[in-house]
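Trainee: Here it is: the structure, laid out below.
The values are calculated or read from the model by the stated rules, or taken from the named source; none is laboratory data. Quantities reported herein were computed from a predicted structural model and do not represent experimental measurements. Counting neighbours? That spans all protein chains shown, and the Cβs are built from the backbone with ideal geometry, glycine included.
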Amino acid sequence: MDTAVPGRGDERRSSNNRALVLHPDLRDSSTNRRSAEARLEEAVGLAQAIDLDVVQSDVVRVARPNPGALFGRGTVERYRAVVETEDIGLAIVDSDLSPVQQRNLERSWSCKVIDRTGLILEIFGARARTKEGKLQVELAALSYQRSRLVRSWTHLERQRGGYGFMGGPGERQIEMDRRMIDDRIARLREDLEQVKRTREQHRKQRRRVPYPVVALVGYTNAGKSTLFNRMTRAHVMEHDMLFATLDPTMRRLRLPDGQDAILSDTVGFISDLPTQLVAAFRATLEEVLEADVIVHVRDISHPDTEAQREDVELVLRELGLEKAVDEGMVEALNKIDRLPEQELDVLREQAARDANAVLVSAATGAGCDELVRVVERRLRSGYRCVDVHVPLHAGAALAWLYDRGHVMDRHDDEEYAHLRVNLDPADVDRFRHRHGGEVRVES
């Protein structure tokens, strides 16, 4: 393990926000569906999301990855001169680096080096606001550090947030061994299990209200939070930056038929999401797992919108939502205000043939009313509306209806509760089988 303490020049560099961003264009990679230039632009956006000053950014062609440093010797030497000349404090390599590669690049360039996973973890650490979000980020960060064997651990400049991969005051002053990391991971998992149980209680309470859940998902910076605010008249933070929202936010959404729904704004997805974050944020994404309707918000003006769609669908499949992807989610084709009229006309023709696609502009409000109508139609299409008459003493039957269905209306007389309920057709049959002796169900 490298325990060398950086010299004063390295400390000065590691404390500044001047950054170099490099995207390695790996010739033998079959996973890159978008251009290297587009991936570099995204990496620069990630760096700027935490207020780094990107001094230089380049695509670096890598014909054969060097096991010791990823880049060839000539490339390493060339960027050592750039780091020194431009007073770079942090070099970001938009790829996965092994611990050996990271350490060797830090030695060669005399500055802090982080890979794509470290950068995303840093952003998540700076953005998380709720207790759950912070626990999840810390768990992901510790799991990442453990995979690095034992790297330095600092609570990076607490006033700014983050998780120490970028360096800063006190870098390498505290070393955590594997046992300490494992103990902390175990405690975090226990805390997250408690959070998970609490969230399940909240979901049960919502089902008793009950409101159907509509989840907004999409690639980061697709405009989910702006659309969320537009649809619910809420005031969630919205910025033109990657990962502006990390914690799920929920608000009531009034549908045209007068029914209420819960609209959930979730964390943005991204290509090559670190596996540590997929696992750590599963509890956050449980709101998507529980959703009655999923709305995929797409930045239709982005040149890589199709590749972004594939990335989102890939993560949803990893979460076990193959059915939602295969059957077709509601697609909010956002940012139409940024398209030239000719492209917009073509898009209108395509959307006219797809009942699940809606052209919207969260910025101007165009198409948002139509989106709400499509959501309402999807909510109703999968359910059957039935009138149920339940004796007031049949508490188990009433609880079952509130737990499994959406109660649209209820009025009681001296003996019976009369309910109009939206139920899954299979649940209608289950309800009749369980409680048919004491209730009446009318279609």
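Trainee: Looking at (1) touching a Lys or Arg at 6+ places or on another chain (Cβ under 7 Å); (2) without any contact (Cβ under 8 Å) to a residue 24 or more places away in the chain, which is the only condition Arg78 fails?
Mentor: Checking Arg78 against (1) touching a Lys or Arg at 6+ places or on another chain (Cβ under 7 Å); (2) without any contact (Cβ under 8 Å) to a residue 24 or more places away in the chain, the one that fails is (1).
Trainee: Now for a different question. Here are some residues: Asp96, Asp51, Asp115. Which one is buried (at least 16 other Cβ atoms within 10 Å of the Cβ) and either within 23 Å of Arg148 (Cα to Cα) or modelled with pLDDT under 95 (or both)?
Mentor: Asp115
Trainee: Which numbered condition in (1) modelled with pLDDT under 75; (2) in contact with a Lys or Arg (Cβ under 6 Å, 6 or more places away or on another chain); (3) of a type in the set (A, V, I, L, M); (4) within 24 Å of Leu97 (Cα to Cα) is the only one that Ala128 fails?
Mentor: Only one criterion is unmet by Ala128, namely (4).
Trainee: In the list Arg404, Arg430, Arg410, Arg420, which residue meets the criterion of being under 38 Å from the mean Cα position of the chain (by Cα) and over 24 Å from Gly258 (Cβ atoms)?
Mentor: Residue meeting the stated conditions: Arg430.
Trainee: Right, something else. Which numbered condition in (1) closer than 29 Å to Pro256 by Cβ; (2) touching a helix residue (DSSP H, G or I) at 6+ places or on another chain (Cβ under 8 Å); (3) modelled with pLDDT of 85 or more is the only one that Ala394 fails?
Mentor: In the conditions (1) closer than 29 Å to Pro256 by Cβ; (2) touching a helix residue (DSSP H, G or I) at 6+ places or on another chain (Cβ under 8 Å); (3) modelled with pLDDT of 85 or more, Ala394 misses (1) alone.
Trainee: Of (1) farther than 30 Å from Arg404 by Cβ; (2) over 14 Å from the mean Cα position of the chain (by Cα), Lys323 satisfies all except one. Which?
Mentor: For Lys323, the failing item is (1).
Trainee: A further question on this structure: Hey, does region 59-73 have a residue that's of a type in the set (S, T, N, Q) and within 22 Å of Arg148 (Cα to Cα)?
Mentor: Looking for residues that are of a type in the set (S, T, N, Q) and within 22 Å of Arg148 (Cα to Cα), one finds at least one in region 59-73, hence yes.
Trainee: Looking at the structure I just gave you, is Ala307 more than 30 Å from Asp257 (Cα to Cα), in contact with a Lys or Arg (Cβ under 6 Å, 6 or more places away or on another chain), modelled with pLDDT under 95 and not in a loop (DSSP other than H, G, I, E, B)?
Mentor: In short, yes.
Trainee: Another question, if that's okay. With respect to Val346, is the statement that it is more than 30 Å from Arg420 (Cβ to Cβ), among the β-branched types (Val, Ile, Thr) and either assigned to a helix (DSSP H, G or I) or in the same structural domain as Leu273 (by TED's automatic domain parsing) (or both) true?
Mentor: Yes; evaluated as a whole, the condition is true for this residue.
Trainee: Being of a type in the set (Val, Ile, Thr), within 30 Å of Ser301 (Cβ to Cβ) and either surrounded by 13 or more Cβ atoms within 10 Å (Cβ to Cβ) or out of contact with any Ser or Thr (no Cβ under 7 Å at 6 or more places or on another chain) (or both) is true for just one of Val421, Val330, Val386, Val439. Which residue is that?
Mentor: Val330
Trainee: Also: Would you say Gly405 is in contact with a helix residue (DSSP H, G or I) (Cβ under 8 Å, 6 or more places away or on another chain) and buried (at least 19 other Cβ atoms within 10 Å of the Cβ)?
Mentor: yes
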